[in-house]
There are 2 protein chains.
Amino acid sequence: MISAMSTQDIIAAIRFDAAGLVPAIAQQHDTGEVLMVAWMNRDAVAETLASGRVCYFSRSRHALWRKGETSGQVQHLKELRIDCDGDTLLLLVDQEGVACHTGRRSCFFRAVRDGALVEIAQPLVSPETLYGEHNHG
Amino acid sequence: MISAMSTQDIIAAIRFDAAGLVPAIAQQHDTGEVLMVAWMNRDAVAETLASGRVCYFSRSRHALWRKGETSGQVQHLKELRIDCDGDTLLLLVDQEGVACHTGRRSCFFRAVRDGALVEIAQPLVSPETLYGEHNHG
């Protein structure tokens, strides 16, 4: 929980793109696993800092995307970091369950090994269990 | 070292944006530290896979950017991963020296702590030592 004034100062240090967005990497704070990359606008950053739960901006739905709102797979913010030129965020999070809409822990489950693209992780939960009839989130 | 055919298949799995670019996260393969984020085009991905040394695309210079070419701070590719929707890459690398042009190990050296943005890492080497009179890279 931080003050509105502090939030303004922090947001002022971020270089949002022409669409008002900045990419954010979510990394599991203790294991270092890179979980996913999504986008944030000013409101998403402000809400994330205020609530301690990660909120992105969905480019497809043009709306705030409170991670886990539908799926229950919430990301608790441990620390927000900004890179040297201010145009990328690194979110250290504690991920409940899985980050990926496919039911895998991380979205980065395809790797180039021996010259071919292979899946290196299996779903831990089915998308149907996560979302039922809903869209992902 | 992988074949040209394999490289084509891998590149076909990547969703480049309208400018022909995809963001790539560089992560130190053993410690899990997120080092930097930059952009790659098709040629940068192909060269990285072929050479085993990370090559980005510089949006400011509109040219391939062989990381470490000027600074000596080379990134050796350990594994390339692609996320679920193919629009972000994760590069597991072995970073020689420092990733950030400020001389810090990681570009993500500013963190929100106690409501304020603070520097959490100091330069390990001066930019002048890294680049002399040259631009960064």
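When DSSP beta bridges are restricted to pairs lying wholly in the protein assembly as shown, around 85% turn out antiparallel. Given labels modelled 7 Å from the Cα in the Cβ direction, how far is it in nm from B:Val118 to B:Arg15? Placing both labels 7 Å beyond Cα along the Cβ direction yields 4.0 nm. Using alpha carbons only, the radius of gyration of region A:24-92 set against its Kirkwood radius gives Rg/Rh = 0.94. Loop by DSSP (not H, G, I, E, B), at most 16 other beta-carbon atoms within 10 Å: where is the longest site-free stretch of chain B for GluC sites (Glu not before Pro)? Free of exposed loop sites, the longest segment is B:97-132.
Among chain A residues, the one whose Cβ is nearest the axis of the rotation from A to B, given with its distance rounded to whole Å, is A:Gly32, 1. Each copy carries a label point for A:Gly97 at 7 Å from Cα toward Cβ; from one copy, the others' points are 4.6 nm away, ordered from shortest.
In a reduced charge model with +1 at each Lys and Arg Cβ and -1 at each Asp and Glu Cβ, chain B shows a dipole moment near 160 debye about its Cα centre.
Position B:Asp30: other-copy label points at 2.4 nm, ordered by increasing distance, label point 7 Å along Cα→C-beta. Once the chain from A:Arg61 to A:Gln8 is taken as fully extended at 0.36 nm per residue, the excess over their C-alpha distance is 16.5 nm. Using θ = phi - 60° in the Karplus curve 6.51 cos²θ - 1.76 cosθ + 1.60, the 3J(HN,Hα) couplings for region B:88-93 round to 9, 10, 10, 9, 8, 10 Hz; x is entered for Gly and Pro. Counting only DSSP beta bridges whose two residues both lie in chain A, roughly 80 percent are antiparallel. Peptide A:84-90 has a mean of 5 when you count, residue by residue, the C-beta atoms of other protein chains within 10 Å of its C-beta. Mean per-residue shielding of peptide A:28-34 is 3, counting Cβ atoms of other chains within 10 Å of each Cβ. Subtracting the Cα-Cα distance of B:Glu69 and B:Asp94 from 0.36 nm times their residue separation leaves 7.5 nm of extension gain.
Residues B:Asp17, B:Asp114, ranked from the fewest to the most other C-beta atoms within 10 Å, line up as B:Asp114, B:Asp17.
Return the average number of partner chain Cβ atoms within 10 angstrom of each residue Cβ along peptide B:99-111. Don't skip to the answer; put the middle values down first.
Values: counts 1, 3, 2, 2, 0, 1, 0, 4, 7, 12, 4, 9, 6.
Shielding by partners across B:99-111 averages 4.
Between this copy and the others, label points of B:Val118 are 4.5 nm apart in ascending order, each placed 7 angstrom from Cα in the Cβ direction. An ellipsoid equivalent to the protein assembly as shown, defined through the eigenvalues of its Cα gyration tensor, has semi-axes of 28, 25, 16 Å when rounded to whole angstrom and sorted largest first. Contact order, relative form, for chain A: 22 percent (alpha carbon pairs under 8 Å, 6 or more residues apart, mean separation divided by residue count).
Roughly how many debye, to the nearest 20, is the charge dipole of the protein assembly as shown about its Cα centre, given +1 on each Lys and Arg Cβ, -1 on each Asp and Glu Cβ, and no other charges?
Dipole about the Cα centre, nearest 20: 200 debye.
The numbers here are math on the coordinates, done by the rules we state, and not lab data. Please read all numbers here as calculations on a predicted model, not as lab measurements. Methodologically, a virtual Cβ is constructed for each residue, glycine included, from the backbone with ideal geometry; neighbour enumeration extends over all protein chains shown.
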